[in-house]
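What follows is a short report on a single structure.
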Amino acid sequence: MNSKSLTTAIIVLTLTAVLMLSALLVLNYLPVRSAQATGPLDRQGDYAVLVARSIRGGNDNVIVIDVAAQKMVAYKADPARKRIDVEAVFDLEKLP
């Protein structure tokens, strides 16, 4: 490398470092919004989604409740087959 390309590389790297430092300082002093959890009364539509652990096998399931149709379906991930399987289906109208 000649001295001109070395000088150009040093200038570019210096400007990049200054730009990254400036971005870090600006982001460090911006206000941080806190995460907020919501309660069970915040349902906006006809579906409720929650995560639960299965008693059988200890798998994590995603449960989708369709309030309008009164149905509940539990899904589980099967990473070995790269798919999502239906674990259980419940008709909520028939439950006691």
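Annotations
- Helical runs (DSSP H, four residues minimum) scored at -39500 (n - 2.57) apiece and divided by the length of the chain put the mean residue ellipticity at 222 nm at -10000 deg cm²/dmol.
- Gained length - ARG33 relative to ALA80, 0.36 nm times residue gap less alpha-carbon distance: 13.1 nm
- Remark: relative contact order (the chain) = 14 percent; criterion is Cα-Cα distance under 8 angstrom and separation of 6 or more residues.
- Highest mean first, the peptides 17-30, 72-85 sorted by other C-beta atoms within 10 Å per residue fall in the order 72-85, 17-30.
- For ASN59, residues with placed amide H under 5 Å, excluding near neighbours: SER54
- Expressed as a whole percent, the accessible area of the chain that falls on carbon and sulfur atoms is 64 (1.4 Å probe).
- Note that the chain presents 90 Å² accessible area per residue, ligands and nucleic acids not counted, probe 1.4 Å.
The values are calculated or read from the model by the stated rules, or taken from the named source; none is laboratory data. As the structure is a prediction and not an experimental result, all values here were calculated from the model. When we count neighbours, we look across all protein chains shown, and the Cβ atoms used for this are built from the backbone with ideal geometry, even at glycine. Side chains are part of the model used for accessible areas, which takes the heavy atoms of the whole protein and leaves out ligands, DNA and RNA. Shrake-Rupley method; radii C 1.70, N 1.55, O 1.52, S 1.80 Å.
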